[in-house]
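Heads up: the structure comes next, in structure tokens.
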Amino acid sequence: MTDSASTAVNDLAAQAGVPDGGGLRIAESTPESGSFELALVPSPQPDDAVVENGDAKVFVAPATVPTLENLTLDTDPNAQGPAFVLTPQA
């Protein structure tokens, strides 16, 4: 997770009133392969992988970990609001 994504996750969580320990959860969308569902949640599910950057926390569903393991969560600088993109790790 980049610093920009970390800031966006923290800002969104604060605006939504997510408690300390909460964060952004990423899971693959069941109906569409290659699509992801993002949700602000108060805590991870028991088997979620937890990625932290500063105070920002991202929880990754177990089935999604292999898909995302070589990708980095970033923000889209061209979006007109909060938007996330996944980019290959350098």
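The values are calculated or read from the model by the stated rules, or taken from the named source; none is laboratory data. What you see is a predicted model; the values in this text were computed from it and never measured. Positions of Cβ are generated from backbone atoms using ideal geometry, with glycine treated the same way; all protein chains shown enter the neighbour counts. Ligands, DNA and RNA are excluded from the accessible area calculation, which covers all protein heavy atoms including side chains. Shrake-Rupley method; radii C 1.70, N 1.55, O 1.52, S 1.80 Å.
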THR7 and ASP55 label points (each 7 Å along its Cα→Cβ direction) are spaced in nm at 1.5 nm
Between VAL85 and GLN45, Cβ-based FRET efficiency (R0 25 Å, step 0.05) works out to 0.55
The answer for the net charge of residues other than VAL50 whose Cβ lies under 12 angstrom from its Cβ, with Lys and Arg +1 and Asp and Glu -1, is -1
Within the under-12-Å Cβ sphere about THR7, not counting THR7, Lys/Arg +1 and Asp/Glu -1 give a net charge of -4
The percentage of the accessible area of the chain (probe 1.4 Å, all protein chains present) made up of carbon and sulfur atoms, to the nearest whole number, is 48 percent
Counting only protein heavy atoms and leaving out ligands, DNA and RNA, the solvent-accessible surface of ASP48 at a 1.4 Å probe, in Å² to the nearest 10, equals 20 Å²
